[in-house]
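The values are calculated or read from the model by the stated rules, or taken from the named source; none is laboratory data. Keep in mind it's a predicted model, so treat the numbers as computed, not measured. In this analysis, Cβ positions are derived from the backbone assuming ideal geometry, glycine residues included, and neighbour counts consider all displayed protein chains. For the accessible areas, the whole protein counts, side chains as well, though only heavy atoms, and no ligand, DNA or RNA atoms are used. Shrake-Rupley method; radii C 1.70, N 1.55, O 1.52, S 1.80 Å.
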Amino acid sequence: MSNTDQTLANLLQEDRRFEPPAELAAHANLTAEAYDRAAADREGFWAAQAERITWAEPFTQVLDWSNPPFAKWYVGGKLNAAYNCVDRHVEAGRGDKVAIHFVGEPVGDTRSITYAELQDLVSQAANALTDLGVEAGDRVAIYMPMIPEAVVTMLACARIGAPHTVVFGGFSSDALASRLEDCQAKVVVTADGGYRRGAASALKPAVDEARTKAETLGHTVEKVLVVRRTGQDLGENGWDDAVDVWWHDAVDSASTQHTPEAFDAEHPLYVMYTSGTTGKPKGILHTTGGYLVGCSYTHWAVFDLKDDDVYWCTADIGWVTGHSYIVYGPLANGVTQVLYEGTPDSPERGRWWDVIEQHGVTIFYTAPTAIRSFMKQGREIPDARDLSSLRLLGSVGEPINPEAYVWYRHVIGGDRTPVVDTWWQTETGSIMISPLPGVTAGKPGSAMIPIPGVAADVVDEEGTPVPNGSGGYLVLTEPWPSMLRTIWGDDERFKETYWARFAKQGYYFAGDGAKKDSDGDLWVLGRVDDVMNVSGHRLSTTEIESALVSHPKVAEAAVVGAKDEDTGQAVCAFVILRESALDSGASDGGDDIVAELRKHVRKEIGPIATPRQIMVVPELPKTRSGKIMRRLLRDVAENREIGDVTTLADSSVMDLISSGLSGGKGDE
Ligand code: WTA
């Protein structure tokens with residue numbers, strides 16, 4: 001039995017069921033009839049969902065799928081995404097409703113922003129960006145902490161039709177530089193720094209470095225707009241008058257009047273970079289109309305959103321979850337939400353629960369990694385707070401193990417709250433598979449079935465649906481409005497990555513393995529390609545391998561994602577050192593070289609990519625055609641007996657690797 005099969009067998013013994021609360025079911029936004037309604041007329045269903053959005057010009061066709069996989073949704077329609085997220089709520093008389101309760105990491109640093117205030121801020125930022133030379137179609141990079149200005153900047157870009165690309169603040173200057181170059185960003189919006197773990201953490205210096213690096217790649221960033229958040233020193237060469245502009249100079253003095261222009265439904269809204277199976281990140285392109293419909297509909301349906309809810313999604317705006325479920329979905333729906341800048345344990349454990357208590361959060365959306373870390377800390381910490389305002393909990397980013405699900409529901413949700421385990425991806429733009437809280441009896445660990453309007457299946461190698469009780473590849477069988485439109489600048493890679501595998505059937509291949517249980521409910525098992533999922537963050541094995549071999553002492557590297565109790569998966573690297581490094585005494589794979597390589601990966605990609613383990617080995621297991629057999633390395637990394645080695649070019653390699661590791665060398 002393979003590992004996956006064993007996991008499946010364990011999962012299938014899960015027989016706990018949680019019925020929807022009667023009160024919620026009685027007033028649910030979406031009821032069971034929606035599944036049939038959507039299946040009977042999918043396009044009609046999506047046409048109806050589009051009424052959630054205000055169109056400046058109505059669309060004339062729901063879907064143009066005449067040139068797959070290049071979709072056009074809501075053909076002929078025109079709209080402005082920022083108008084939909086801000087102005088229309090003010091026009092409807094809801095200007096005094098709080099849009100954002102901002103909670104800075106330093107205790108007491110809070111600020112509430114109403115929709116009317118948000119409209120002024122977004123208009124000012126739109127005017128300021130225009131003054132800096134940004135026009136519709138230009139790309140703007142955003143490298144910011146979790147502060148209101150980040151949301152304002154995204155909306156200001158959308159308002160003037162300039163696609164944004166948000167780069168996670170934890171990424172290194174190298175990672176930022178390659179993204180700036182790939183999408184040819186004209187302007188970067190950043191901050192001096194942000195607060196993390198009780199300290200000011202600098203951002204601006206990384207932008208300066210990235211700008212210099214982008215220059216060597218042949219790309220010039222014209223302007224850098226800088227929010228003063230921490231007031232920290234920018235260093236001696238930390239300011240360039242020709243390029244750098246303070247936000248408080250450019251934005252605060254700009255007019256609060258700005259007329260939003262209507263853009264085509266297929267106008268690019270943003271590019272979000274995500275890891276793929278090669279070293280080069282993919283710029284996932286989302287466009288305006290379909291994306292906004294998808295985010296608004298799913299946020300309303302899956303979270304059963306009501307007018308008086310206080311919603312909080314803990315994601316960073318540097319990831320797609322922050323785009324779809326902090327900015328576009330919730331604001332299009334006119335919610336009141338919490339935006340928190342810092343880490344869960346600052347200034348002390350329990351900070352998140354304090355925020356929930358203080359703001360009366362009713363809907364809470366977070367990741368399994370966070371839940372597992374809270375389980376470890378013990379229930380006394382949340383128990384000491386009043387969490388009775390919560391009525392619905394969500395999970396996203398990685399498979400949630402049944403124990404974490406049950407703990408989440410029981411300890412955080414007081415057994416009142418349904419848990420929606422939502423499966424989706426950067427590429428899908430919005431939630432695809434999830435329970436409906438007023439309809440579905442939840443099973444811990446299962447994302448259940450596709451939401452109304454979405455069609456998914458689990459298929460075998462040939463693309464044939466597997467029967468209940470079996471596993472295979474997760475596919476989406478019909479186009480959906482918030483689907484990615486292409487990979488920025490690389491239509492071929494778009495076709496190859498997502499649509500070639502099941503080309504005959506025309507299915508979208510998600511890259512995940514999944515299983516249908518005996519009821520036909522779906523259990524997502526994780527990636528089947530060379531992508532890892534560490535704490536819900538996608539990392540490419542190849543990207544980390546290239547970072548390692550860029551170090552002068554490394555001859556070859558292989559990276560695998562190994563199971564990790566806390567982070568889901570962890571990065572484990574196997575490296576072969578160069579002769580010269582061996583000569584200089586690094587041959588024992590001692591602490592020095594391992595520490596040096598870990599630091600190197602942090603610098604090249606960012607702290608999230610730092611290997612948990614680096615093992616110095618004499619050889620790597622390869623097939624006769626030279627392909628690294630990661631499966632065997634995963635066995636080593638997970639301390640398992642080594643699997644079938646018959647296809648190895650040299651079957652003694654695994655003995656060499658295992659014997660070299662028996663002393664536990666290389667593990668920091
Ligand atoms: C994984 C995050 C199991 C999956 C929204 C997917 C999940 C990848 C779930 C996308 C879930 C996300 N259960 N696995 N509920 N949600 N994943 O692009 O492997 O950062 O392909 O989007 O995360 O990660 P991404």
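When residue 111 is tested against (1) farther than 16 Å from residue 228 by Cα; (2) open to solvent by 10 Å² or more (accessible area, probe 1.4 Å), just one condition goes unmet, and that condition is (1).
For region 55-75, the set of residues classified as in a loop (DSSP other than H, G, I, E, B) and surrounded by fewer than 16 Cβ atoms within 10 Å (Cβ to Cβ) consists of 56, 58, 60, 68, listed by residue number.
Have a look at 175, 185, 141, 162 and point out the one that is in a helix (DSSP H, G or I), small (Gly, Ala, Ser) and surrounded by 19 or more Cβ atoms within 10 Å (Cβ to Cβ). None of the others qualify; the one that does is 175. For the residues 422, 426, the requirement of being in a loop (DSSP other than H, G, I, E, B), within 15 Å of the ligand (Cβ to nearest atom), polar (S, T, N, Q) and under 24 Å from residue 293 (Cα atoms) singles out 426.
Of the helices (runs of 4 or more DSSP H) contained entirely in region 192-304, not one carries at least 3 residues that are in contact with a helix residue (DSSP H, G or I) (Cβ under 7 Å, 6 or more places away or on another chain) and over 30 Å from residue 104 (Cα atoms).
One line per residue, one yes/no per condition, for (1) open to solvent by 20 Å² or more (accessible area, probe 1.4 Å); (2) away from the ligand (no atom under 11 Å from the Cβ); (3) within 20 Å of residue 640 (Cβ to Cβ); (4) not polar (S, T, N, Q):
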site: 513; (1), (2), (3), (4): no, no, yes, yes
site: 530; (1), (2), (3), (4): yes, yes, yes, yes
site: 536; (1), (2), (3), (4): yes, no, no, yes
site: 553; (1), (2), (3), (4): yes, yes, no, yes
site: 568; (1), (2), (3), (4): yes, no, yes, yes
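Checked against (1) within 28 Å of the chain's Cα centre (by Cα); (2) farther than 24 Å from residue 293 by Cα, residue 108 passes all but condition (1). Could you list, in sequence order, all residues of region 599-625 that are closer than 28 Å to residue 179 by Cα and open to solvent by 60 Å² or more (accessible area, probe 1.4 Å)? Within region 599-625, 599, 602, 603, 607, 612 qualify. Looking across region 454-490, the residues that are in contact (Cβ under 8 Å) with a residue 24 or more places away in the chain and open to solvent by 50 Å² or more (accessible area, probe 1.4 Å) come down to 467, 468, 478, 488, 489, 490.
Just one of the numbered conditions (1) touching a residue at least 40 places away in the same chain (Cβ under 8 Å); (2) within 21 Å of residue 18 (Cβ to Cβ); (3) more than 16 Å from the ligand (Cβ to nearest atom) is not true of residue 347: (2). Which count do you get for residues in region 384-405 that are more than 15 Å from the ligand (Cβ to nearest atom), within 28 Å of residue 307 (Cα to Cα) and either open to solvent by 50 Å² or more (accessible area, probe 1.4 Å) or not hydroxyl-bearing (Ser, Thr, Tyr) (or both)? Going through region 384-405 one residue at a time, the tally reaches 7. Filtering region 354-365 for residues that are part of a helix (DSSP H, G or I), within 16 Å of the ligand (Cβ to nearest atom), in contact with a strand residue (DSSP E or B) (Cβ under 7 Å, 6 or more places away or on another chain) and under 20 Å from residue 310 (Cα atoms) leaves an empty set.
Scanning region 317-342 for residues that are open to solvent by 10 Å² or more (accessible area, probe 1.4 Å), within 13 Å of the ligand (Cβ to nearest atom) and either of a type in the set (S, T, N, Q) or within 14 Å of residue 148 (Cβ to Cβ) (or both) gives a single hit, 321.
Answer yes or no: is there a residue in region 496-511 that is within 13 Å of the ligand (Cβ to nearest atom) and among the basic types (Lys, Arg). For region 496-511, residues within 13 Å of the ligand (Cβ to nearest atom) and among the basic types (Lys, Arg): absent.
Here is the figure for region 435-464: residues that are within 28 Å of residue 503 (Cβ to Cβ) and either within 11 Å of the ligand (Cβ to nearest atom) or assigned to a loop (DSSP other than H, G, I, E, B) (or both) total 12.
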